[in-house]
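One structure is given below, encoded as structure tokens.
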Amino acid sequence: MNGKNDKRPINFIETIIEEDRRKGKNDGRVHTRFPPEPNGYLHIGHAKSICLNFGLAEKYGGLCNLRFDDTNPTKESVEYIESIKHDVRWLGFDWEERLYYASDYFEKMVKYAEQLIREGKAYVDDSTADEIREYRGTLTQPGKESPWRNRSIEENLELFQRMKSGEYPDGSRVLRAKIDMGSSNLNMRDPVMYRILHAAHPRTGKKWCIYPMYDWAHGLEDSIEKITHSICTLEFEDHRPLYDWFLDQLRVFHPRQIEFARLNLTYTVMSKRKLLDLVQSGEVQGWDDPRMPTLSGLRRRGYTPSSIRQFADRIGVAKRDSTVDIALLEYCIREELNAQARRFMAVLRPLKVIITNYPEGRVEKLEAVNNPEDPSAGTRKIPFSREIYIERDDFMQDPPKKFYRLAPGREIRLRYAYFITCEKVIRNEAGEIEALHCTYDPATRGGDAPDNRRVKATLHWVSVPHARNAEVRLYDRLFDVEYPEADKSVSFKAHLNRHSLEVIDQAKLEPALFETGDERVQFERLGYFIRDPDSRPNRPVYNRIITLRDAWARIREKQPPPEERRVQTAGTVRGDSEERMNEITIDDFRKIDLRAGRVVKASLVEGADKLLSLQVDVGEETPRQIFAGIRSAFPEPEVLVGKMVIVAVNLAPRKMRFGVSHGMILAGTGEGRLSLATFSGDAEPGDSVT
RNA sequence: UGGGGCGUCGUCAAGCGGUAAGACACAGGAUUUUGGAUCCUGCAUUCGGAGGUUCGAAUCCUCCCGCCCCAGCCA
């Protein structure tokens, strides 16, 4: 796609292709295909395959077909066919006139099957599915030959003919290849070629009642299309001997199957089954929910095709199982949007600021740069007035050391406008901050101080009378652990990030946003956003594609402000600095809310030698997820299930590599061993412990 | 205890007998009217482990260990 990949080190598939070409195989021709089964929506894992197949064809001056592997009518539909075509096209690939369907070859496949029967290499088996399974043997024991294996060629031909013409019910007979029931490769133990399925096919309707199995069909499809390199995922490696066997027996054009590792991404799941589960259980709002790793989801989220291609290019292709850090995907879209997206100002959680020395009724139009990365994007005018909104997060009454935004008495810059100083905090009866009274320095118009004095922060803002309301949907990662599927004893859904969507319904936008045709924009200091199709003329809806990198957020996490300061207890995972430990006062300690909790689930955390993952019932709706560094004391965590423990419940949730820990278990060390603080008696989960 | 595949930085990933690329992440600094961007700097004396061959091994050999896949009339 981006033609620059010929300089970079090549992957093992390109090595194979180049070797084949050197030897003059297929006259140097390269012809690949992307062969989806139309039984679901495409996701970013498919994008890897699409980019690989189409990319290889392009790199070597070859072709890539789009072929639907529609051999199982019970699971497939035209809806999926259409969505897949749309997604491939959207990704930026063109199959030209080469759109094929396995079902187009059904007639030919039957002819080939009859050829095998005539050569004594296939037979009709009357066994039931259960019998076939039984006779197949196990991983360690060879299979047994079916009693129907040695029928005459004539009888097989006759029976197959009748299977095809619909004389038999579903499941009553199959056509099998006669290979080797003793093979150590299960796929070679007389694999099924055809099964009877009286089902209407999305394309061939009721024409057929027998349908070919993958192993039988796929190689033929590739062969018929004269595919040179048939690229698939690792789990088909075991099938390659069978792929080769069929094509060898038939003496037809023989493509080369090459397997690569499928894509896994942190903080998400990729299997069709699990994605379907999320959709059907209503955890997300559909296949195109912006949190889904589906291409339709990523599209709605605001990812560009080129950013996904860029991602596919960067992750590489190899044979080892791997899970790519989703931060790389995020990096790819930021990189592109940083260069291209125009900047605008929007305030998500407005806090009103009244500039007391600014004349009432006056409005100025201040000039703003549209994209500092791209001078050709030009400038625009932004209205400024006596009352403006700033972000609530940009003000703190009692700021911690590293917070250098607005605070009482402090001066900051309003981007492209003026320096203002906070003079007074206005609170309502409930004591909540309602507005800020500030004064501005007229000499700083545009944002530069003539005396060169400096401010530490520049804030974005929107003029109150000019602000336009909008709905903004803040999306975040779908799961709050890197590997939602790691712990097989817990449903992956237990790790859903409950904050993956936050809807802001009264965000304040600068008016220029209504004049731009740009789909994707940057809201300064917040992130990149895209207009959602749910938008109505007076009610725009924006989706957050991705936040900007946020250095402050990282500082804040490491050094929580005083009011949120957490207390450390035994059982901490890594323990924070001594400095912090020493900061705890008796008052701090009193603030810890200790509750009785019952362990309902306990398991090891893969990849951590000290941690246990616990689900603890503390009397709330759902048990809490708590990670505790007590594995050394409980190498078999199951023994903890049912035990009562003491939990600090009002600690700020702590993000850890494996997930978020909502609380801490009291434990102690002594004599070199660690033990849990527990108790007997009749406390119920949730009871206070003193 | 059958067969197939894979083990190189936190995560991807080059490397194919001549002495460990790159990217993301992370950390530090410069710069900055986005705590953004940009720019520097750092980040595997070591390639799952142990032996062996060799002047020389991540690369070759042997043994061991770990992970993934396979017992659909799914793909």
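Brief remarks follow.
- Checked against (1) of a type in the set (Gly, Ala, Ser); (2) buried (at least 20 other Cβ atoms within 10 Å of the Cβ); (3) without any contact (Cβ under 8 Å) to a residue 40 or more places away in the chain, A:ALA417 passes all but a single condition, namely (3).
- Which listed residue is part of a loop (DSSP other than H, G, I, E, B), of a type outside the set (Lys, Arg), within 14 Å of RNA strand B (Cβ to nearest atom) and open to solvent by 60 Å² or more (accessible area, probe 1.4 Å), from A:GLU373, A:GLU367: A:GLU373
- Qualifying positions in region A:195-208 - over 26 Å from A:GLN249 (Cα atoms) and open to solvent by less than 20 Å² (accessible area, probe 1.4 Å): A:HIS201
- Against the test of being surrounded by 13 or more Cβ atoms within 10 Å (Cβ to Cβ), more than 10 Å from RNA strand B (Cβ to nearest atom) and either within 36 Å of the chain's Cα centre (by Cα) or among the polar types (S, T, N, Q) (or both), the options A:ASN185, A:ASN156, A:ASN150 yield a single qualifying residue, A:ASN156.
- Note on region A:251-278: residues that are among the basic types (Lys, Arg), within 11 Å of RNA strand B (Cβ to nearest atom) and open to solvent by less than 40 Å² (accessible area, probe 1.4 Å) total 0.
- Set side by side, the residues A:ALA346, A:ALA368, A:ALA377, A:ALA407 differ, and just one is under 29 Å from the mean Cα position of the chain (by Cα) and small (Gly, Ala, Ser), which is A:ALA346.
- Among the conditions (1) modelled with pLDDT of 95 or more; (2) within 12 Å of RNA strand B (Cβ to nearest atom); (3) surrounded by fewer than 22 Cβ atoms within 10 Å (Cβ to Cβ); (4) within 27 Å of A:ASP321 (Cβ to Cβ), the only one that A:VAL192 does not satisfy is (4).
- Some residue of region A:209-216 being in a loop (DSSP other than H, G, I, E, B), open to solvent by 10 Å² or more (accessible area, probe 1.4 Å) and not hydrophobic (A, V, I, L, M, F, W, C): no
- Condition met for A:ILE382 (buried (at least 18 other Cβ atoms within 10 Å of the Cβ), part of a strand (DSSP E or B) and in contact with a Ser or Thr (Cβ under 9 Å, 6 or more places away or on another chain)): yes
- Any hit, region A:223-230, residues being near RNA strand B (Cβ under 10 Å from one of its atoms) and at pLDDT 95 or above: no
- Residue in region A:289-322 that is farthest from RNA strand B (Cβ to nearest atom), counting only those that are of a type in the set (A, V, I, L, M) and in a loop (DSSP other than H, G, I, E, B): A:MET292
- Pair list, Cβ under 9 Å, 6 or more apart: region A:386-407 residue over 23 Å from A:ASP441 (Cβ atoms), other residue part of a helix (DSSP H, G or I) and away from RNA strand B (no atom under 13 Å from the Cβ): A:ASP398/A:PRO562; A:ASP398/A:GLU563; A:PRO400/A:PRO562
The values are calculated or read from the model by the stated rules, or taken from the named source; none is laboratory data. As the structure is a prediction and not an experimental result, all values here were calculated from the model. Positions of Cβ are backbone-derived with ideal geometry, glycine not excepted, and every protein chain shown enters the neighbour counts. In case anyone asks, the SASA skips ligands and DNA or RNA and just uses the protein heavy atoms, side chains included. Shrake-Rupley method; radii C 1.70, N 1.55, O 1.52, S 1.80 Å.
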